[in-house]
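Q: Structure provided below as structure tokens; questions to follow.
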Amino acid sequence: MLNTCQQTTEWTDEEKHGKGRISGSLEWKLSRKEAGDLNQTKDESSPSVKSWHVESFFPSNKKQGVTISISNDGIVVSGAECSVIGSQISVVVIDEVYLGCILQSRGFTSWRDVADFVDTLPSHRIVAIHGSSSANADSHKANGLSRLGGFTMPNDESKVLYLGQVDALPAWTKLASCNGSSKICVFMVPRSKLDVKLRTERDTVPSRIACRLPESIMPLQTQLLASEEQKQMAFIRFSGDKRATVKEYVGYTTKTGSPVYLLHASAYPLSKTDGGWNTFHYLPEPLVPKDDVGIVESTKKSGVPKIDIPLESFFFTTLLGPNLLVNSTSGSAPALLDTANALHNTRLVALYFSAHWCGPCRQFTPMLAELYSHLKGEYPTHSLEIVFVSSDRDPGGFQQYFGCMPWMAVPFGGTIIPQIKQRYGVRGIPALIVLDSISGQIVVPASETRREVMQACQRGDEGIEQMLDSWISRIPQESQEILAMLELSCEDADEQDNSSNEKDHPYFMRTENSASSVKEPAAQVKEKFAKLVAEGVEPNKAAAQAIQMVTDQQKAGTTTSFEPGPLNDIDWKSIESGDKVSSTDLASEINKDELQTVLKTILKYLENAKKEPWTPRFRSFKLSNKIVDRITRVEGALDLVCSLGMYIYPVETDFMACIPLSINLDEMEASIKDLMPEAQQAS
């Protein structure tokens with residue numbers, strides 16, 4: 001519970017450490033409005049208003065439908081639990097165009113604050129409310145709440161459940177008082193599926209994950225070594241392949257040295273982290289900056305650019321061929337990756353000419369691998385990439401030799417390898433030629449590289465890094481000037497990004513000329529008059545009756561009437577329950593062989609926990625370790641694990657699975673055994 005509470009913006013830096021003293025010069029700047037906004041958002045300066053670190057989230061972009069559930073447990077949109085913990089009133093704003101997309105999720109302590117917030121919303125936004133009618137109830141008559149079609153405050157001190165639209169009164173509007181089991185649950189079908197884009201959330205981690213990226217898309221060992229750009233390309237390829245999965249994933253999260261973890265609705269809310277996690281999720285195009293291209297990796301080294309290195313892709317594709325082989329340590333065959341993407345964001349490209357039958361090569365390769373591994377660990381990008389150009393005599397020898405290498409290779413066979421050797425005059429091996437990635441020019445010739453590598457490795461890690469500095473300093477002057485200009489542009493863009501305020505996005509705000517379907521009293525009189533006349537009432541009497549009817553509404557406090565709005569004719573229905581699925585249903589969606597492996601793995605940990613319930617390692621374990629990965633890699637398995645009573649939560653280094661101390665281990669064991677495929681067959 002505390003972990004969830006800390007994901008809200010209830011505790012600001014000012015509340016933790018105090019406001020401090022505002023100097024005279026700063027006070028002068030504030031008075032002249034030259035100091036910018038010291039608070040991240042207006043809401044964060046008010047202890048009566050809370051929000052999640054990231055509010056906007058699209059739990060489902062399927063055309064099949066959207067479920068909005070409001071009950072005593074809170075507000076859930078297509079499986080995403082939206083209510084802000086610790087608030088008397090929760091308000092969730094949902095996009096009416098990108099139906100089902102959560103735009104804002106706020107927590108309030110008074111209806112006056114709710115009214116002020118609603119008054120800022122554009123017309124026709126869908127609003128879900130769950131709150132106590134006793135929370136400063138005298139302020140509920142504020143103007144903002146009068147914009148909610150069909151909303152009235154109950155007389156008793158019960159919970160208020162509301163689903164409706166701003167400035168409209170569609171047929172699916174619901175209002176209920178909740179003293180116990182009352183709930184609102186509506187299923188809507190979007191008219192069409194609209195385009196979405198990946199939004200980058202830096203230093204942000206989801207509440208939960210669904211599974212990791214499948215082995216068939218990118219092997220686990222490759223995921224652990226891949227760059228941010230390579231991971232994103234793999235995810236986009238996976239999400240665009242309708243044959244890859246029947247499930248819907250709304251994004252992914254990862255960090256350097258970690259797998260690509262896929263996300264679904266349970267990922268919400270997203271929270272701030274210092275653990276290096278970055279999260280990417282699909283949002284409506286208006287909410288994704290045009291310059292959002294993911295994470296451009298920087299390295300630990302000061303002075304290394306944070307920009308994309310402009311690779312001379314035509315040169316390297318012509319030289320090395322359209323694809324390079326990427327090795328896998330998981331036992332599967334090497335995968336092909338297009339050359340431009342494989343060499344993306346590297347400053348230097350080294351061509352390594354070698355063969356397994358060559359004695360000096362077998363001595364030099366381990367040394368070069370040590371150097372490469374250290375540089376990749378310290379500088380994942382913007383440093384050195386090596387491409388193996390084989391002189392092996394047969395495919396078997398190539399495969400055996402390449403299998404022990406951590407870098408990429410030109411595919412064996414064909415005419416490309418002889419052409420590369422001829423171009424650079426390679427007659428003896430081993431040979432290493434270092435090229436500038438921007439121009440393709442030779443930076444370090446083969447006559448110098450072997451000696452420099454051996455000397456650097458003899459001096460250890462510091463010597464290897466000094467050698468890289470020396471090589472980078474030798475790139476052509478023109479390439480250095482290009483990088484310097486790009487770094488300056490990147491710094492300007494970072495300053496603009498840091499000054500932007502996500503929660504003040506124009507898409508969220510009401511505009512002065514926004515259309516409203518709320519009818520003023522005069523328009524109401526006119527409408528009622530026309531209706532009475534159409535029913536045969538004499539015009540003078542109809543006018544008097546229409547005026548009296550509107551006057552009576554004003555006295556009763558219901559002065560506003562609404563048009564049905566643009567979503568009145570959408571396909572919808574009330575349903576009994578939301579998106580909760582039983583363990584049996586979740587198990588039925590998993591392949592029987594995979595289900596057997598998943599359940600046996602859980603049982604093994606459970607047996608250990610029963611033997612030594614006080615031992616933490618039997619109750620909490622990383623999802624990326626080799627044993628638990630038998631669960632993590634299976635689609636739907638983590639949902640099944642959670643339905644059985646386990647928890648999934650993020651830490652700085654990884655995501656963890658936990659068997660809570662409060663759970664009955666015998667009952668959990670019995671539930672798992674009942675789900676075993678052989679047990680189901682026997683029954």
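Q: Could you sort ASP654, ASP119 by accessible area so the largest value comes first, with the probe set to 1.4 Å? Before the final figure, lay out each step's value.
A: Values: ASP654 5, ASP119 65 Å².
Descending accessible area places them as ASP119, ASP654.
Q: So what J values fall out for region 269-286 if you push phi through Karplus, 6.51 cos²θ - 1.76 cosθ + 1.60 with θ = phi - 60°, rounded to Hz, Gly and Pro as x?
A: x, 8, 10, 6, 8, 9, x, x, 6, 10, 10, 10, 9, 6, 9, x, 3, x
Q: Between GLN441 and LEU488, what length in nm is gained on full extension when 0.36 nm per residue of separation is reduced by their alpha carbon distance? Intermediate values should be presented prior to the final figure.
A: Working: separation 47, 0.36 × 47 = 16.92 nm, distance 2.45 nm.
In short, 14.5 nm is gained.
Q: Tell me the per residue accessible area of region 327-431 using a 1.4 Å probe; a whole number in Å² is fine. If you can, show how the numbers build up before the last one.
A: On the way: 4380 Å² over 105 residues.
For region 327-431, the solvent-accessible area averages 42 Å² per residue.
Q: Assuming R0 = 35 Å, what is the FRET efficiency of ARG617 and ASP461, from their Cβ-Cβ distance, to the nearest 0.05? All intermediate terms of the calculation are to be shown ahead of the outcome.
A: Values: r = 31 Å, r/R0 = 0.90.
Efficiency computed from Cβ-Cβ geometry: 0.65.
Q: Label points 7 Å out from Cα along the Cβ direction at ALA530 and ARG450: separation in nm?
A: 9.2 nm
Q: Pulled fully out, how much extra length does the chain show between THR415 and LYS626, if you take 0.36 nm times their separation in residues and subtract their Cα-Cα distance? Walk me through the numbers on the way to the answer.
A: Numbers: separation 211, 0.36 × 211 = 75.96 nm, distance 4.03 nm.
Difference between extended and current length: 71.9 nm.
Q: Can you figure out the FRET efficiency of CYS642 with SER181, using R₀ = 22 Å and their beta-carbon distance, to the nearest 0.05?
A: Working: r = 24 Å, r/R0 = 1.09.
Efficiency, rounded to the nearest 0.05: 0.35.
Q: A further question on this structure: I need the calculated FRET efficiency for the pair ASN155 and SER216, taking r as the beta carbon distance and R₀ as 60 Å, to the nearest 0.05.
A: Values: r = 60 Å, r/R0 = 1.00.
The pair ASN155/SER216 has a calculated efficiency of 0.50.
Q: Next question. How much area per residue is accessible in region 605-664 when the probe is 1.4 Å and only protein heavy atoms are counted (Å²)?
A: Working: 2890 Å² over 60 residues.
Per-residue accessible area for region 605-664 comes out at 48 Å².
Q: Return, ordered by residue number, the residues of region 593-620 whose backbone nitrogen is under 17 Å from a label point located 7 Å along Cα→Cβ of LEU661.
A: In region 593-620, the label zone of LEU661 (backbone N under 17 Å from the point 7 Å along Cα→Cβ) covers 609-620.
Q: How much of the accessible area of region 51-130, probe 1.4 Å, is carbon plus sulfur, in whole percent?
A: On the way: 820 of 1940 Å².
Looking at region 51-130 in its full context, I get 42 percent from C and S.
Q: How much of the accessible area of region 392-474, in percent, comes from carbon and sulfur atoms when a 1.4 Å probe is used? Numbers along the way, then the final one.
A: Numbers: 1950 of 4190 Å².
The nonpolar share, carbon plus sulfur, comes to 46 percent.
Q: Would you kindly find the accessible area of ARG451, with a 1.4 Å probe and non-protein molecules such as ligands, DNA and RNA excluded, rounding to the nearest 10 Å²?
A: Around 120 Å² of this residue is reachable by solvent.
Q: Now for a different question. Please give the length that would be gained between ASP674 and LYS600 if that part of the chain were fully extended, namely 0.36 nm times their separation in residues minus their C-alpha to C-alpha distance (nm, one decimal). Before the final figure, lay out the partial values.
A: Numbers: separation 74, 0.36 × 74 = 26.64 nm, distance 1.21 nm.
That pair, ASP674 and LYS600, stretches by 25.4 nm at full extension.
Q: Using the structure shown, list the pairs from LYS255/LYS622; LYS183/LYS247; LYS231/LYS376; LYS592/LYS622 with a Cα-Cα distance above 19 Å, or answer none.
A: Values: LYS255/LYS622 15 Å; LYS183/LYS247 28 Å; LYS231/LYS376 16 Å; LYS592/LYS622 24 Å.
Beyond 19 Å between Cα atoms: LYS183/LYS247; LYS592/LYS622.
The values are calculated or read from the model by the stated rules, or taken from the named source; none is laboratory data. These figures come from a predicted structure and were not determined experimentally. Note: ideal-geometry Cβ built from the backbone for every residue, glycine included; neighbour counts use all protein chains shown. To get the accessible areas, we keep the full protein, side chains included, count just its heavy atoms, and leave off ligands, DNA and RNA. Shrake-Rupley method; radii C 1.70, N 1.55, O 1.52, S 1.80 Å.
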